[in-house]
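Here the structure is laid out as structure tokens; the discussion comes afterwards.
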Amino acid sequence: MTEPLRVGVAGLGTVGAALIAQIAEQRGALAARCGRAIEVVAVSARSRNKNRGIDLKKMKWFSDPVELAGFEGIDVFVELMGGSGDPAKSAVEYALASGKSVVTANKALLAKHGFKLAQLAEKADVSLNYEAAVAAAIPVVKTLREGLAGNAINRIYGILNGTCNYILTRMEQEGLSYADCLADAQRLGYAEADPTFDVEGHDTAQKLALLASLAFGTKVDEGAIYVEGISSIAPADLAAADELGYRIKLLGVAVRTPKGIEQRVHPTMVRKDSSIAQVMGVTNAVTIDAEGINPITLVGPGAGGAATASAVLSDIADIARGARTAPFGRPAGKLTVVKKAPMQRHEGGYYIRLEARDKPGTAATIAKRLAQQDISLESIVQRHPKGEVAPKSKSGSVPVILITYATSEDAVRKALAAVGSDRVISGRPQVIRIEKN
Ligand code: HSE
């Protein structure tokens, strides 16, 4: 029988504790599948005495995770501390430099330093696995890296943040405000006390950066991503989307275009009958458009102790089996620099909601400004308060909802700036991109 794979775990929060419990529960099955046992022999965490409901007695304790990373009694260093800086960064670098394979759930670290860490792993001839860093239990890293190794990828997009999808689902289904749904998400423990990172799209962007690199063979580059969050979405947008046959989802999208690779995170209108539109609540989903085959959609739990531990353990199992793939699906030297497609040149349909002055000539002014930018309208709806059929024109404002045919971001921005200067609208226009799916 081959020697057990010796694992050191740094970080014993909900994920670390769930991982240790799952390794104990699945001991026999893991040994059968991998041909060798997997044993956690050493751990590190901030507090030694906290009750985590797991037995740590047989494990060597390290108060310094970097020291654990270099401990000669382990084969694999599992980093579950999080954060793009130290101690996670130093510990992972030290483990790789000491010839140990690394498994991490740390999207922030990889989005920022992924390329350098991949080079280090390659130099040391060890694995750097991170399935848990994107959409937790959904095996999307392996799908791109292994399952679709022979396919050209044209587009990958997904619901990669459960907090945002929970908020948008409740707003849509119950007509609640963004603020009320966010407060509930915080109460239920989905959103952080400071929810900015989730709701402003940064969490999605870090995950998208990793997916884009895997899909297109580019050096991971979080800075190349256009990011917009969900905090401006109003119940009126969800109601209008519903009537028009759409749902609004915060999507991370990476797509190959003639202008380069477009990487963007923003609220998106998706057709109600699409696979991605069916995904509700905290659930995550990723759709991959690969050349020559119908789209593949993977759906599942994207956060939480057990879901994240499941992905971490599958990465450890690969190492136990001796299965190794380059961290970003190809040798680091073959990763290209991403040619960023500027957002102004994004092309697609647009949903636009304006608070328009309820006076003769307003619609004509808006139409003229759109026409000047060569924007063609698929529909235009002016809404009056419920029950008012063809009311007398008043001096107030009225919501006008426009759906455009495919146009460019630049044209939309210029047309709306001109409409603003015409003083026929109040407040900021709401603009939501429509994704074909
Ligand atoms: N905070 C994330 C979410 C999970 O709400 O999906 C961790 O990335």
Discussion item. Can you confirm whether THR362 is open to solvent by less than 50 Å² (accessible area, probe 1.4 Å) and within 16 Å of the ligand (Cβ to nearest atom)?
Written reply: no
Every listed condition ((1) assigned to a loop (DSSP other than H, G, I, E, B); (2) within 16 Å of the ligand (Cβ to nearest atom); (3) open to solvent by 50 Å² or more (accessible area, probe 1.4 Å)) holds for SER84 save (3)
Checked the range 147-173 for anything open to solvent by 10 Å² or more (accessible area, probe 1.4 Å), in contact with a Pro (Cβ under 9 Å, 6 or more places away or on another chain) and more than 11 Å from the ligand (Cβ to nearest atom); matches are GLY147, ARG155, GLU172
Within the range 269-294, the residues that are touching a helix residue (DSSP H, G or I) at 6+ places or on another chain (Cβ under 8 Å), part of a strand (DSSP E or B) and crowded, with 19+ Cβ neighbours inside 10 Å are MET269, VAL270, ASN284, ALA285, VAL286, THR287, ILE288
Flagged in the range 314-344 as open to solvent by less than 80 Å² (accessible area, probe 1.4 Å) and within 21 Å of the chain's Cα centre (by Cα), in numbering order, are SER314, ASP315, PRO327, PHE328, GLY329, VAL338, ALA341, PRO342, MET343
- Restrict the check to the range 191-210 and report whether at least one residue is away from the ligand (no atom under 14 Å from the Cβ), open to solvent by 10 Å² or more (accessible area, probe 1.4 Å) and over 23 Å from GLU435 (Cβ atoms). no
Listed by first then second residue, the pairs whose first member lies in the range 274-295 and is farther than 14 Å from ILE156 by Cβ and free of Cβ contacts under 8 Å to residues at least 24 places away in the same chain, whose partner is open to solvent by 50 Å² or more (accessible area, probe 1.4 Å) and within 16 Å of the ligand (Cβ to nearest atom), with beta carbons under 7 Å and at least 6 positions apart or on separate chains, are none
Within the range 235-259, the residues that are open to solvent by 10 Å² or more (accessible area, probe 1.4 Å) and not hydrophobic (A, V, I, L, M, F, W, C) are PRO235, ASP242, GLU243, GLY245, TYR246, ARG247, ARG256, THR257, PRO258, LYS259
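The values are calculated or read from the model by the stated rules, or taken from the named source; none is laboratory data. The model shown is predicted, which means the values in this text are computed figures rather than measured ones. We place every Cβ from the backbone using ideal geometry, glycine too, and count neighbours over all the protein chains shown. Each accessible area value is taken on the protein alone, full model and side chains, heavy atoms only, with ligands, DNA and RNA left out. Shrake-Rupley method; radii C 1.70, N 1.55, O 1.52, S 1.80 Å.
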